[in-house]
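Here is the structure we will look at.
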Amino acid sequence: MAPPYLPRKKKRKAQRSVLIRFLGFMFAAVVVVFLLGAGVVGAVLWTYSKDLPDYEVLAKYEPPVMTRVHAGDGSLIAEYAREKRIFVPLNAIPKRLINAFLAAEDHNFYAHGGIDYTGVARAVYNNVMKGRKEGASTITQQVAKNFLLTNEQSFERKIKEAILAVRIEQTYSKDKILELYLNEIYLGLGSYGVAAASLNYFGKELRDLTVDESAYLAALPKKPSKYHPIKDAKEALIRRNWVIGQMLDNSYISKAEFDGAISQRTLNYNPPVSGTQTFAAEFFAEDVRRELINMYGEEKSLTGGLSVRTTLDPRFQKFAKKALVGGLTRYDRSRGWRGAVKQIDPAASEWGAQLAAVDVFQDIDPWRMAVVLELGEGGARLGLRPNKLVTGALDPERQEVLLAPEDAKWALKKGSKGLGGLLTVGDIIYVAPKAKPKPANKDTKAAVEAPATEWELTQIPQVEGAIVVMDPHTGRVLALVGGFSFYASQFDRATQARRQPGSAFKPFVYATALDNGYTPSTVILDAPITIDQGNGQDLWKPENYSGKFYGPSTLRTGIEFSRNLMTVRLAQDVGMPLISEYSRRFGIYDNLMPVLSMALGAGETSLMRLTTGYAVIANGGRQVQATLIDRIQDRNGKTIWRHDARECVQCAETTWADQEEPDLQDARKQVIDPHTAYQITSMMEGVVERGTATVVKETGRPVAGKTGTTNEAKDAWFVGYTPDMVVGVFIGYDNPQSMGDSTTGGALAAPIVKEFMVDALANETAVPFRIPPGIKLVRINRRTGARASSGDPDAILEAFKPDTDPPDTSYTVWGGAGSDGSGDTIGTGNGVY
């Protein structure tokens with residue numbers, strides 16, 4: 001008999017065989033599934049890889065960076081950008097801020113290869129099992145999305161994002177990827193990148209951020225709009241505190257740092273005040289922006305990360321704004337009170353909120369808007385418009401002040417003693433602080449203003465104007481204000497307005513004559529003249545402003561008292577084609593029509609061009625180009641443009657090899673003879689000493705200049721200069737209309753120049769105008785032009801060129817062609833000069 005256990009062995013072998021076959025089948029199935037899955041994955045990867053953007057462009061990537069504009073002293077004036085972004089290299093970003101972003105966004109960043117599989121698993125579990133939305137995008141994936149893909153929420157985009165992330169990790173270093181991320185990520189309030197966000201949220205540079213501030217910025221990438229520092233302050237604090245906790249959990253901060261940061265109950269939101277508000281340089285900044293666009297185009301100007309150093313002197317800019325506003329306001333008040341801005345109900349408890357809701361120009365500080373709360377015999381009780389805080393709330397202190405009748409005297413009608421007939425309860429008005437000046441300094445004659453404690457009634461002027469301050473030697477514009485308020489009108493009256501300069505053009509007529517044989521003592525007849533304009537036009541009969549005639553007078557007298565008839569006769573003899581050519585050389589006109597009326601300033605030009613023309617006279621006759629920009633650097637700090645009136649031939653040398661020192665050559669063209677420039681300057685000093693601009697004598701220093709007033713007083717001008725500064729002022733309505741019969745450049749524009757110079761030159765030593773070699777100073781009678789006798793009360797020192805002298809006792813009057821008013825013809829000819 002066979003052993004009883006043999007059948008059991010067969011059974012076991014059979015079972016083992018079945019198990020092996022089953023395992024083999026399962027293994028084959030797994031292999032098939034794996035291969036199929038790999039094939040599917042491969043097919044998917046291949047499909048989505050075909051149209052992927054080129055990730056290698058990241059190596060050449062230049063982010064759109066804002067252009068920053070600085071004053072001459074480095075102060076920030078303006079920023080131009082489509083996106084507020086400042087690119088900062090990773091080594092300039094504080095480690096604390098980097099760690100905050102790593103803790104919040106991707107704490108495994110330095111460990112994974114582009115995809116954090118642990119994070120993916122955790123996100124899937126939380127989404128499926130806990131129903132809590134959670135993403136798992138790494139910083140590298142976010143870089144892929146932000147730089148190379150769209151924000152479309154789709155399965156396809158996520159696959160492309162993952163593929164690109166792996167490829168980016170294989171190509172670029174972790175630090176490069178992190179640098180791109182921290183400079184590209186959008187963090188709300190128009191801020192792209194951490195540097196721009198730091199300024200926009202806290203008004204700080206990156207190195208000054210605290211732990212809690214760094215954590216708040218790191219809380220923003222997910223949903224910046226959800227964590228707004230004002231509207232969503234509570235949610236923002238919760239998210240910030242979570243980031244602080246993550247920083248502790250990842251050992252990025254100590255427990256003490258955690259406790260200190262978490263104890264901060266506010267977000268410290270403190271956006272910066274624009275530099276243009278500080279300097280009131282909005283017109284200047286806008287002119288710079290237009291210039292940059294002309295030079296480089298809009299795209300590079302807004303996204304090229306240019307650094308622009310301008311010519312602006314912030315101190316002069318403040319003085320210029322103050323002087324212009326003061327002059328416009330004085331004239332406007334002389335035209336009377338126009339009434340309140342509007343009415344509100346002051347009885348309501350929220351009058352402060354009502355008043356704050358009324359629009360006010362941003363650049364009229366220190367003026368304030370106010371509402372009349374109560375009227376009485378002692379004046380009016382006013383509520384000042386509350387300042388809006390950065391939280392969006394109103395200033396909790398509703399300041400009330402008293403407006404006394406004497407503080408509105410200019411607006412009161414004759415005989416009125418109180419404000420009852422002028423104001424009513426609920427009126428919204430403007431008030432300006434009354435500064436109490438201290439006694440003038442004996443050395444500088446400049447009054448120092450004390451803090452304002454009282455207020456006076458004022459109103460937004462309807463008349464407009466502009467002021468330009470220039471360095472005559474280089475053309476650098478040191479200050480520019482193009483109107484009362486940039487926010488009322490962005491039209492720049494300094495550079496964009498074209499107006500008739502009137503008599504302010506006469507110095508260039510006289511300079512042309514002096515440069516072509518005339519002297520300051522040349523005598524011209526001041527008498528009626530009639531000009532046949534030809535082509536069937538009416539006869540032209542110019543007149544002096546006074547309506548009188550003064551007979552034979554010197555060229556000096558013609559300038560000092562702005563004689564129209566003398567100027568026409570002089571222009572007729574010199575020739576308008578030559579005057580037109582000289583006006584082009586001075587930069588005032590491109591192609592002045594050569595007709596005699598143009599000699600009286602009938603051609604239109606801008607304040608900037610006219611001031612530049614005066615700069616040529618002031619610097620001794622050398623041509624200059626007005627410029628608002630000193631230097632432009634690209635995003636890498638390389639200088640790509642520089643304004644310089646001098647050319648340095650050897651300055652490009654990189655080594656010293658005993659060569660000669662660099663020779664700075666003056667590249668400026670000589671427009672007129674230096675002797676001519678000094679002669680016309682000396683004559684225009686007489687305008688200030690005895691002529692139409694005597695108000696400017698109050699500066700207590702040598703000043704030359706010329707007033708200008710056009711027909712019907714539609715335009716008022718004064719351009720004045722010292723040896724090293726030129727100041728031009730224009731006043732007039734935007735839609736030209738008469739400013740009144742008594743309005744002149746001497747009465748309206750010259751006081752503005754005077755006020756500016758008193759402030760700007762308060763601490764500067766007064767210096768005389770420089771006399772070029774060869775000039776002879778001879779005592780003459782300023783009325784006759786002949787040599788002065790001993791004790792002559794009208795004797796002055798007159799400037800003559802080397803080969804010219806005044807006559808001894810007699811002179812011959814040049815009359816000019818035309819009619820003297822009696823019907824007799826006056827012959828053309830040259831007299832004895």
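The values are calculated or read from the model by the stated rules, or taken from the named source; none is laboratory data. Here the structure is a predicted model, which is why all the values come from computation and not from measurement. With ideal geometry, Cβ positions are generated from the backbone for all residues, glycine too; neighbour counts draw on all protein chains shown. Ligands, DNA and RNA are excluded from the accessible area calculation, which covers all protein heavy atoms including side chains. Shrake-Rupley method; radii C 1.70, N 1.55, O 1.52, S 1.80 Å.
Where does the charge balance sit around Arg338 when Lys and Arg score +1, Asp and Glu -1, over other residues with C-beta under 14 Å from its C-beta? Could the numbers behind the result be given before it?
Working: positive: Arg333, Arg335, Lys342, Lys413; negative: Asp332, Asp427.
My count for the surroundings of Arg338 gives +2.
Could you give each residue of region 571-588 its phi-based ³J(HN,Hα) in whole Hz, using Karplus coefficients 6.51, -1.76, 1.60 with θ = phi - 60°, and x for Gly or Pro?
Coupling constants for region 571-588: 5, 5, 6, 5, x, 5, x, 5, 4, 4, 5, 5, 5, 5, 5, 6, x, 7 Hz.
If you plug each phi of region 251-263 into the Karplus form 6.51 cos²θ - 1.76 cosθ + 1.60 with θ = phi - 60°, what whole-Hz ³J(HN,Hα) values come out, in order, with x for Gly and Pro?
Taking θ as phi minus 60°, the curve returns 6, 7, 9, 7, 5, 5, 5, 4, 4, x, 6, 5, 6 Hz for region 251-263.
In whole Hz and in residue order, list the ³J(HN,Hα) couplings for region 310-316 that follow from phi through the Karplus curve 6.51 cos²θ - 1.76 cosθ + 1.60, θ = phi - 60°; x for Gly and Pro.
Using θ = phi - 60°, the values come out as 8, 8, 5, 9, x, 5, 5 Hz.
Shape verdict for region 504-623, please, from the Cα gyration tensor: rounded (a/c under 1.5), prolate (a/b greater than b/c) or oblate. Walk me through the numbers on the way to the answer.
On the way: a/c = 1.80, a/b = 1.26, b/c = 1.43.
Oblate, because a/c is 1.5 or more while a/b does not exceed b/c.
Excluding ligands and nucleic acids, what accessible area in Å² is computed for Tyr61 using a 1.4 Å probe, to the nearest 10?
Spelled out: Tyr61, probe radius 1.4 Å, area about 70 Å².
If we sort 555-563, 204-212 on the protection proxy, mean other Cβ atoms within 10 Å, highest first, what's the order?
555-563, 204-212
From largest accessible area down, sort Trp656, Trp641, Trp455, Trp242; use a 1.4 Å probe on the protein chains.
Correct descending sequence by accessible area is Trp656, Trp242, Trp641, Trp455.
What residues have an amide H closer than 5 Å to that of Tyr733, excluding those fewer than 5 places away on the same chain, when H is modeled at 1.01 Å from N in the peptide plane?
Amide H neighbours of Tyr733, under 5 Å, 5+ apart: Glu464.
Leaving out ligands and nucleic acids, and using a 1.4 Å probe, what accessible area per residue does region 667-744 come to in Å²? All intermediate terms of the calculation are to be shown ahead of the outcome.
Working: 2520 Å² over 78 residues.
In whole numbers, region 667-744 has 32 Å² accessible per residue.
Could you pull out every residue, at least 5 positions away or on a different chain, whose amide H is within less than 5 Å of the one on Thr138? Hs are placed 1.01 Å off N in the peptide plane, and Pro or chain starts have none.
The answer is Asp116.
Is region 654-807 rounded, prolate or oblate when judged by the Cα gyration tensor, a ≥ b ≥ c being the square roots of its eigenvalues, rounded requiring a/c under 1.5 and prolate requiring a/b larger than b/c? Please report the intermediate quantities before stating the final value.
Working: a/c = 2.09, a/b = 1.21, b/c = 1.72.
Here region 654-807 falls in the oblate category.
Give me the percent of the accessible area of region 540-663 that comes from carbon and sulfur atoms, probe 1.4 Å, all protein chains in place.
Numbers: 2690 of 5950 Å².
It is 45 percent, rounded to a whole number.
Accessible area of Ile617, 1.4 Å probe, to the nearest 10 Å²?
Rounded to the nearest 10, the figure is 0 Å².
Excluding ligands and nucleic acids, what accessible area in Å² is computed for Ser251 using a 1.4 Å probe, to the nearest 10?
Accessible area of Ser251: about 100 Å².
Is region 246-346 rounded, prolate or oblate when judged by the Cα gyration tensor, a ≥ b ≥ c being the square roots of its eigenvalues, rounded requiring a/c under 1.5 and prolate requiring a/b larger than b/c? Could the numbers behind the result be given before it?
On the way: a/c = 3.07, a/b = 1.57, b/c = 1.96.
Judged from the Cα gyration tensor, region 246-346 comes out oblate (a/c at least 1.5, b/c at or above a/b).
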